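Down below is the structure, laid out as structure tokens.
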Amino acid sequence: MNKMPEHMPEEAVLGIDIGSVSVDIVLLNSEGNIIYGTYTRHHGQPDKILSEQLREVEKRHIIRMGAATGSGAKRLEKLTGIHAVNEVVAQVEAAKAFYPHVRAIIDVGG
């Protein structure tokens with residue numbers, strides 16, 4: 001008889017910000033709620049840090065779609081096919097979705 005796994009992987013939408021200082025990951029569930037988020041300084045090794053983070057995420061989640069932003073987004077798009085999104089567009093859309101009353105966003109960057 002087959003046993004049911006103790007923990008069924010949860011489906012999620014992946015967001016990656018791969019910048020000059022850090023690699024940041026966020027996962028949203030099917031309702032659009034944040035279910036995971038991490039900020040990791042990469043100390044000049046963004047690919048290594050991203051790979052480590054994604055291995056951990058894939059242990060618990062099934063990624064259905066995703067997008068990337070930041071200075072490394074276009075490179076990541078070429079390597080993996082994940083959709084690259086302009087940082088300003090991503091920030092505006094996130095603010096509208098999570099904080100509709102906000103009227104200004106300040107991006108300091110790395």
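Of the residues making up the range 41-84, those that are of a type in the set (Val, Ile, Thr) and open to solvent by 40 Å² or more (accessible area, probe 1.4 Å) are Ile62, Ile63, Thr80. Restrict the check to the range 9-17 and report whether at least one residue is without any contact (Cβ under 8 Å) to a residue 12 or more places away in the chain and not acidic (Asp, Glu). No. Of the set (1) assigned to a strand (DSSP E or B); (2) under 20 Å from Leu79 (Cβ atoms); (3) polar (S, T, N, Q), all apply to Thr38 but (2).
So that you can scan it fast, the table gives a plain yes or no per residue for (1) modelled with pLDDT under 95; (2) under 16 Å from Tyr36 (Cα atoms):
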{"position": "Glu58", "(1), (2)": "yes, yes"}
{"position": "Ala67", "(1), (2)": "no, yes"}
{"position": "Ser71", "(1), (2)": "yes, no"}
{"position": "Leu76", "(1), (2)": "yes, no"}
{"position": "Val89", "(1), (2)": "yes, no"}
{"position": "Glu93", "(1), (2)": "yes, no"}
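Restricting attention to the range 85-97 and to residues that are surrounded by 11 or more Cβ atoms within 10 Å (Cβ to Cβ) and of a type in the set (A, V, I, L, M, F, W, C), the residue that is nearest to Ile18 (Cα to Cα) turns out to be Val85.
Here Gly109 fulfils each of the conditions (1) in contact (Cβ under 8 Å) with a residue 60 or more places away in the chain; (2) under 16 Å from the mean Cα position of the chain (by Cα); (3) exposed (fewer than 11 other Cβ atoms within 10 Å of the Cβ) apart from (2). Close contacts from the range 66-85, counting a first residue that is on the phi < 0 side of the Ramachandran plot and of a type in the set (A, V, I, L, M) and a second that is in a loop (DSSP other than H, G, I, E, B) and at pLDDT 95 or above, with Cβ to Cβ under 8 Å and a gap of 6+ residues or different chains, come to Ala67/Val85; Ala68/Val85; Ala73/Val85. Count of the range 6-27 residues, restricted to those that are open to solvent by 50 Å² or more (accessible area, probe 1.4 Å) and under 13 Å from Glu56 (Cβ atoms), is 1. Can we say Gly37 is open to solvent by 50 Å² or more (accessible area, probe 1.4 Å) and under 12 Å from the mean Cα position of the chain (by Cα)? Yes, satisfied.
The values are calculated or read from the model by the stated rules, or taken from the named source; none is laboratory data. Treat the numbers as computed from the prediction; the structure is a model and nothing was measured. Virtual Cβ from ideal backbone geometry, glycine too; neighbours counted across all protein chains shown. Ligands, DNA and RNA are stripped out before the accessible areas are found, and what is left, the full protein with its side chains, is counted by its heavy atoms. Shrake-Rupley method; radii C 1.70, N 1.55, O 1.52, S 1.80 Å.
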